[in-house]
1. Name the residue, out of E211, E196, that is farther than 23 Å from R134 by Cβ and either assigned by TED's automatic domain parsing to the domain that holds A293 or out of contact with any Lys or Arg (no Cβ under 7 Å at 6 or more places or on another chain) (or both).
2. Take the range 82-125 and flag every residue that is away from the ligand (no atom under 11 Å from the Cβ) and hydrophobic (A, V, I, L, M, F, W, C).
3. Report yes if some residue within the range 82-91 is out of contact with any Asp or Glu (no Cβ under 6 Å at 6 or more places or on another chain), closer than 30 Å to G288 by Cα and not assigned by TED's automatic domain parsing to the domain that holds L37; otherwise report no.
4. Is it the case that the range 49-70 has a residue that's away from the ligand (no atom under 15 Å from the Cβ) and within 21 Å of the chain's Cα centre (by Cα)?
5. Would a scan of the range 246-257 turn up a residue that is crowded, with 17+ Cβ neighbours inside 10 Å, outside the structural domain of T135 (by TED's automatic domain parsing) and within 25 Å of V59 (Cα to Cα)?
6. Under the condition of being part of a loop (DSSP other than H, G, I, E, B) and open to solvent by 50 Å² or more (accessible area, probe 1.4 Å), which residue from the range 173-186 is nearest to the ligand (Cβ to nearest atom)?
7. With the requirement that a residue be in a strand (DSSP E or B) and either within 21 Å of F26 (Cα to Cα) or free of Cβ contacts under 8 Å to residues at least 24 places away in the same chain (or both), what does the range 77-106 give you?
8. Answer yes if at least one residue in the range 126-135 is open to solvent by 10 Å² or more (accessible area, probe 1.4 Å), closer than 20 Å to G93 by Cβ and either near the ligand (Cβ under 8 Å from one of its atoms) or assigned to a strand (DSSP E or B) (or both), and no otherwise.
Amino acid sequence: MKSAVSLPPVRGKLIAQASLAPYTWFRVGGPADWLFLPADADDLADFLTQLDPVIPVTVLGVGSNVIVRDGGIEGVVVRLMGKAWGKVEAEDGISLSAGAGALDLSVAKTAAENGIKGLEFLSGIPGSLGGATRTNAGCYGKELRDVLVSLQGIRRDGTRVIYRGPARPGALPEAHFSYRHTDLPDDLIVTRLLLEGNDTGAPADILADIEALQKRRSETQPIREKTSGSTFANPDPPGTPNQRSAWKLIDAAGCRGLRVGGAQVSELHCNFLINTGDATAADLETLGETVRARVLDHSGVQLRWEVRRIGRPA
Ligand SMILES: Cc1cc2nc3c(=O)[nH]c(=O)nc-3n(C[C@H](O)[C@H](O)[C@H](O)COP(=O)(O)OP(=O)(O)OC[C@H]3O[C@@H](n4cnc5c(N)ncnc54)[C@H](O)[C@@H]3O)c2cc1C
């Protein structure tokens, strides 16, 4: 799509042919035809209302669960960056509201500082709340859906919508989630969330729990690498008796350390792929497909990509 096409006026930033690699954890991928950094929810809604419906729109969080392909992304890529999107505020009791651009870690820490327990698990997820909602992110036995009271969002045509969290009372439509998945409309950009903890506690104790979770994580996962976390979903959801895990299947198929170009299966946690320096998105995707084929051959299990692969091949 040519960047000469005229787009609606905005108050935020609209950048043609913006490289997306710096916006992803893997640091790979081609440009967006346009990158839109809306100033606030009104700016986003106005833009979407006026945008030609044939132009595709894709939303990116902080890119910790995506491979942007080498040919980049057609149309407009929206990223919720800056103060208006990252604000986190404690509300009455044990609830907290936050913009969808807020980092999960900052939500967990703000909750802790305000004596709200039950959101510590978010500190283990290096994404934004918008990404956590789309992926129903979770760890240590908790998922986003467990703490979601309600969410606000904007559809591709600029319509604003509100959903209530699973099993929360009220007349609003209910958001449905399953393992690393939500049934929210594909074109929904989540803009704001209301979350709830499950108890109160001493801030220092909750912050200490967060620190302990982070220490444990850094010892078992290559969190300082260019990666995007678990590449494949576990074949069985949490709680399944004798749950099969993707990393064990990958290890058993002899893929630990396997390389394609600059992409490698992590030696530390073999469900993580790593850009060792000069990987392309194609290297990462080919490596992932090689792993899937070897696991299928070895154990008969068809692994499902958890990392989202978006955009055009080179
Ligand atoms: C080291 C490491 C460890 C990880 N550990 C975990 C873990 O323990 N548990 C876990 O669940 N995940 C984990 N992940 C994966 C990742 O952090 C989560 O999936 C995270 O929720 C993605 O958020 P993001 O902001 O990076 O989203 P992105 O990767 O940018 O996008 C992911 C998806 O969310 C959509 N999206 C983003 N923002 C919005 C929005 N505002 N509205 C609607 N859709 C949106 C995107 O379109 C895309 O489909 C890990 C990743 C890394 C790198």
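1. Residue meeting the stated conditions: E211.
2. First pass over the range 82-125, keeping only residues away from the ligand (no atom under 11 Å from the Cβ): 82-84, 86-98, 106-120.
If the condition is that a residue be away from the ligand (no atom under 11 Å from the Cβ) and hydrophobic (A, V, I, L, M, F, W, C), then A84, V88, A90, I94, L96, A98, V107, A108, A111, A112, I116, L119 are the ones that fit.
3. no
4. Residues of the range 49-70 away from the ligand (no atom under 15 Å from the Cβ): 49-55, 70.
Pick out the ones that are also within 21 Å of the chain's Cα centre (by Cα) and you get 70.
There is at least one residue in the range 49-70 that is away from the ligand (no atom under 15 Å from the Cβ) and within 21 Å of the chain's Cα centre (by Cα).
5. No: zero hits.
6. Of the range 173-186, the ones part of a loop (DSSP other than H, G, I, E, B) are 173, 175-176, 179-180, 183-186.
Retained after the next criterion (residues that are open to solvent by 50 Å² or more (accessible area, probe 1.4 Å)): 173, 176, 183, 186.
Values: P173: 16, H176: 15, D183: 13, D186: 9 Å.
Once the filter is applied, the top-ranked residue is D186.
7. The answer is V77, V78, R79, V88, E89, L103.
8. no
The values are calculated or read from the model by the stated rules, or taken from the named source; none is laboratory data. On a predicted model such as this, the values are computed, not experimentally measured, just so you know. In this analysis, Cβ positions are derived from the backbone assuming ideal geometry, glycine residues included, and neighbour counts consider all displayed protein chains. Heavy atoms of the whole protein, side chains included, go into the accessibility calculation; ligands, DNA and RNA do not. Shrake-Rupley method; radii C 1.70, N 1.55, O 1.52, S 1.80 Å.
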